[in-house]
1. Decide, for the range 16-127, between rounded, prolate and oblate: order the square roots of the alpha carbon gyration tensor eigenvalues as a ≥ b ≥ c, take rounded if a/c falls under 1.5, and otherwise choose prolate if a/b is larger than b/c, else oblate.
2. Does the range 64-111 classify as rounded, prolate or oblate by the C-alpha gyration tensor (a ≥ b ≥ c root eigenvalues; a/c under 1.5 gives rounded; else a/b over b/c gives prolate, otherwise oblate)?
3. Most mobile of 99, 53, 18 per a Gaussian network model of the chain (Cα springs, under 10 Å)?
4. Considering only DSSP beta bridges where both residues belong to the chain, give the percentage that are antiparallel (nearest 5).
5. Which one, 85, 77, 59, has the greatest fluctuation when you compute a Gaussian network model over the chain with C-alpha springs under 10 angstrom?
6. How would you classify the range 16-72 from its alpha-carbon gyration tensor, with a ≥ b ≥ c the square roots of the eigenvalues: rounded for a/c under 1.5, else prolate if a/b is greater than b/c, otherwise oblate?
7. When the chain is treated as a GNM, springs tying every alpha-carbon pair under 10 Å, which of 70, 45, 19 comes out with the largest mean-square fluctuation?
8. Separation of the range 38-75 and the range 78-103 by C-alpha centroid, Å?
């Protein structure tokens with residue numbers, strides 16, 4: 001297979017990895033849109049389904065695919081809404097929103113909105129006719 005993911009962990013990027021659900025059309029499309037922005041800030045993007053990801057994180061499949069994950073270069077792991085907020089605070093034009101949604105009350109609202117979307121992402125992908133598998 002020409003596009004098979006490496007079984008061994010790639011070199012650690014400067015800031016870390018943003019790990020997304022490669023079977024979700026919306027997730028793949030969004031990561032395609034923000035790839036350049038994140039890469040300029042030292043992040044690499046990888047699907048959660050890459051073999052090295054589960055080997056490194058040692059999560060059940062359900063835990064692994066539940067949320068977007070952000071694994072920093074120093075090994076800290078952020079999940080879901082907190083992963084988005086971590087990345088947002090490193091992008092100058094998203095920084096104000098990242099800080100705002102860290103405030104008590106707003107953080108909970110952001111986390112609930114993320115959870116609702118994440119739990120329904122395949123439904124949205126199907127409605128939008130975005131393919132669930134394959135390349136961009």
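1. On the way: a/c = 1.39, a/b = 1.16, b/c = 1.20.
Note, shape of the range 16-127 comes out rounded.
2. Verdict is oblate for the range 64-111.
3. Of the options given, 99 has the highest mean-square fluctuation.
4. Values: 7 of 12 bridges.
The answer is about 60 percent antiparallel.
5. Maximum among the listed residues: 59.
6. Details: a/c = 2.49, a/b = 1.39, b/c = 1.79.
Taking the square roots of the gyration eigenvalues as a ≥ b ≥ c, the range 16-72 is oblate.
7. Sorting by GNM fluctuation, first place goes to 45.
8. First find each Cα centre; the distance between them is then 18 Å.
FYI, it's all coordinate maths here, none of it is from the lab. All values reported here derive from a predicted model rather than from experimental measurement.
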